[in-house]
Amino acid sequence: MPGMTLNPRQTALLEEVRSQGFASIDELARKFGVTLQTVRRDVNLLAENGMLARFHGGVRMEGSTTENIAYRQRQALNAEGKVRIARAVAAAVPEGCSLILNIGTTVEEVARALIHHRGLRVITNNLHVAHILADNPDCEVIVAGGVLRSRDRGIIGEATVEFIRQFKVDIGLIGISGIETDGTLRDYDFREVKVARTIMEHSREIWLAADASKFNRRAMVELAPLTSIDRLFTDEPLRAPFDTMLAESGVKCVVADQE
């Protein structure tokens with residue numbers, strides 16, 4: 001906001017979030033040696049003036065509703081939380097089952113966590129996932145055809161949709177770019193969303209892997225309501241309105257172990 005003056009701590013906090021892309025309230029309090037209340041007050045001020053975006057438990061740089069942040073930046077964004085989510089997902093995946101893994105850096109972490117699973121059959125429209133799981137000799141990897149999106153090696157388009165329609169798998173694991181406060185799952189590319197919808201339609205169970213930075217994040221294209229999934233894997237306890245929303249709908253929420 002024109003004319004707004006930040007104190008040195010607020011300026012340093014803004015630079016810290018800008019450099020990392022994401023930070024939790026706890027991390028910021030430890031780094032600057034202040035109370036959680038002080039950090040929340042600073043963050044609220046910065047968010048009210050359009051400099052940062054709040055979500056439950058943390059803060060990130062405000063972003064566009066029409067374009068996702070760069071792939072390398074998404075890889076680094078809350079990387080530790082994504083690893084914990086991946087371990088929780090892998091612990092729930094039984095050996096000898098079939099899965100579809102779609103596009104997203106959290107889904108790619110899940111692929112790494114499945115590297116020692118036996119008897120898996122994995123269909124994917126993500127070349128990073130295919131490359132990771134190719135090192136598992138006891139996992140058959142089936143790669144969908146379609147248009148290759150160079151920035152993140154995702155495969156999208158009508159050919160991808162038609163390919164996935166051939167299958168009915170035990171688990172469809174999807175990632176998402178944003179979850180709005182009304183419970184809408186959203187993404188940026190309508191072609192990617194069409195593929196994700198098809199994955200949901202052709203999976204006996206739908207699992208969503210979403211770290212804390214995805215909540216209260218806006219994106220342009222609607223995928224589905226959050227209540228349409230069977231399990232949510234995340235890295236921080238849910239806060240209102242998401243906790244009530246999932247409890248009332250019967251969706252199982254798994255919060256990854258902090259350790």
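Okay, here's what the table says:
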read-out: Flag for ASP230 being among the acidic types (Asp, Glu) and within 23 Å of GLU109 (Cβ to Cβ); value: yes
read-out: Residue in region 233-259 that is surrounded by the most Cβ atoms within 10 Å (Cβ to Cβ), counting only those that are among the polar types (S, T, N, Q) and closer than 19 Å to GLU109 by Cα; value: THR234
read-out: Region 142-157 residues that are assigned by TED's automatic domain parsing to the domain that holds LEU120 and within 20 Å of ARG121 (Cβ to Cβ), paired with ones that are of a type in the set (S, T, N, Q) and outside any strand (DSSP E or B) (beta carbon under 7 Å, 6 or more apart); value: ALA144/ASN125; ALA144/THR160; GLY145/THR160; GLY146/ASN125; GLY146/THR160; ILE155/ASN125
read-out: Output for region 159-202, where each listed residue is acidic (Asp, Glu) and outside any helix (DSSP H, G or I); value: ASP170, GLU180, ASP182, ASP187, ASP189
read-out: Criterion: modelled with pLDDT of 90 or more and buried (at least 21 other Cβ atoms within 10 Å of the Cβ) - qualifying residue of ALA219, ALA210, ALA224; value: ALA210
read-out: Some residue of region 141-157 being surrounded by fewer than 16 Cβ atoms within 10 Å (Cβ to Cβ) and in a helix (DSSP H, G or I); value: no
read-out: Any pair with Cβ under 8 angstrom, 6 or more apart, that starts in region 10-30 at a residue that is not assigned by TED's automatic domain parsing to the domain that holds ARG54 and ends at one that is exposed (fewer than 13 other Cβ atoms within 10 Å of the Cβ) and at pLDDT below 90; value: none
read-out: Qualifying position, being modelled with pLDDT under 70 and surrounded by fewer than 17 Cβ atoms within 10 Å (Cβ to Cβ), among GLN37, GLN73; value: GLN73
read-out: Residues within region 208-259 that are closer than 22 Å to ARG197 by Cβ, touching a Lys or Arg at 6+ places or on another chain (Cβ under 9 Å), of a type in the set (Gly, Ala, Ser) and assigned to a loop (DSSP other than H, G, I, E, B), tallied; value: 1
read-out: Residue within region 127-138 that is farther than 21 Å from SER177 by Cβ, more than 19 Å from the chain's Cα centre (by Cα) and surrounded by 20 or more Cβ atoms within 10 Å (Cβ to Cβ) present; value: yes
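The values are calculated or read from the model by the stated rules, or taken from the named source; none is laboratory data. Predicted, not measured: the structure shown is a model, and the values here were computed from it. Using ideal geometry, Cβ is built from the backbone for each residue, glycine included, and neighbour counts are taken over all protein chains shown.
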